[in-house]
Amino acid sequence: MAAPCGMMASRPLVQLFSCFSRTAVGNTGFRQFSATSVCRATSQAKSVTERASSPWTLMAAVCLQRLPVISADCSPIEQQFKDMIFQMELEKSVLSDHELQLLEDAERMRRKQADDYDSDEEEGHGRQEIMLAQDLEDAWEQKLKSFQPAPRARADVDEDLTSAQRCLAETLVLLAEQQVGKEKLWLLPQTQWQEGETLRQTAERALDSLPAGFKATFLGNAPCGFYKYKLPKAIRTESTVGTKVFFFKAILSDNAPPKAPKAPLLWLTKSELQRYLKPAYMMKVDRFILGV
């Protein structure tokens, strides 16, 4: 019995304690905590503490766009290319049924005007009244004259910056007048982030907070842009240094609702944004807005 005791005595004490801990855990059913789990819990607690004590205010803004409703006017080179393609298709195309009927009617009229015309040669028509292709064209021409297409541009609507029905051939972006410090600025609709929600949920809440109810489709969960600014030194403190704004893109799903009375909202084209946004803010917004 001396030999086994000697072997046990020769083992390091660390191995003995590890065997004892595994046996105790297996018998009692307690969960074994590793150093990795303890470090992870410590890092999470540290991140929560840092986030709670961050001197930056987090905000989310929504870039709501109304896409073009009609096609844009062609540029001179686009019009030249369009005419060239139309001419090529016309030269390579075959005659349609209507064009064949025009040729057939012209040939029938030529035979009727000939001196040796014989009405018995007209097979399949008999004495029934024949509707010529030219008569169809005349009827279509009269119907076309009575048709009045809707105007592509209306000056009274295009000048109304609060209407989402203006500039139908361009993309419009929604701006809202918001209180920032002691002044009111035109910005993309934004609101402050709250504990327990994602930044996209904050952006959705910013859109829902507008006086007019908009239905929109958000494009992804990741921000499309970022803007950071510091508060003036006169009001800056150790706990409040500035604001970080994360932008999210959204597309207007349906026609805009009726205008809310005295709602501080504007629908602007990309070229009009620079008249309402600060230069530094406009530089960040210009990166993710396509002027299509």
### Task
Of the listed pairs LYS228/LYS284; LYS184/LYS278; LYS184/LYS284; LYS244/LYS278; LYS182/LYS233; LYS184/LYS215, which have alpha-carbon separations greater than 18 Å here?
LYS184/LYS284; LYS184/LYS215
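Rounded to two decimals, what is the ratio between the C-alpha radius of gyration of the stretch 144-265 and 2.2 N^0.38 Å? Working shown, then result.
Details: Rg = 18.6 Å, N = 122, 2.2 N^0.38 = 13.7 Å.
In units of the 2.2 N^0.38 Å rule of thumb, it is 1.36.
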### Message
Skipping prolines and chain starts, which residues have an amide H placed within reach, meaning under 5 Å, of the one on LEU231, given they are 5 or more residues away or on another chain?
### Response
GLY242, THR243
### Query
With +1 on each Lys and Arg Cβ and -1 on each Asp and Glu Cβ, how big is the dipole of the stretch 144-215 about its Cα centre, in debye rounded to the nearest 20?
300 debye
### Task
Go through the stretch 223-229 residue by residue and turn each phi into a ³J(HN,Hα) via Karplus (6.51, -1.76, 1.60, θ = phi - 60°); whole Hz please, and just put x for glycine and proline.
x, 9, x, 8, 9, 9, 9
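Could you order CYS224, CYS63, CYS167 so the one with the most accessible surface comes first? Probe is 1.4 Å. Could the numbers behind the result be given before it?
Working: CYS224 50, CYS63 0, CYS167 25 Å².
From most accessible down to least: CYS224, CYS167, CYS63.
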### Query
So for the stretch 195-248, what are the equivalent ellipsoid semi-axes in whole Å, largest first, each being the square root of 5 times an eigenvalue of the Cα gyration tensor?
27, 14, 11
## Note on the structure
Residues meeting the amide H criterion for PHE248 (H placed from the backbone, H to H distance under 5 Å, 5 or more places apart or on another chain) are ALA61, VAL62, CYS63, CYS224
### Task
For LYS92, go through the lysines and keep the ones whose alpha-carbon is under 18 Å away, minus same-chain ones fewer than eight residues off.
LYS82
### Query
Binning every alpha carbon pair distance of the stretch 53-98 at 10 Å from zero, what are the percents per bin?
17, 20, 20, 14, 11, 9, 6, 3
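The values are calculated or read from the model by the stated rules, or taken from the named source; none is laboratory data. Since this is a predicted model, take the numbers as computed values, not measurements. Positions of Cβ are generated from backbone atoms using ideal geometry, with glycine treated the same way; all protein chains shown enter the neighbour counts. When the accessible area is computed, the model is the full protein with side chains, heavy atoms only, and any ligands, DNA or RNA have been set aside. Shrake-Rupley method; radii C 1.70, N 1.55, O 1.52, S 1.80 Å.
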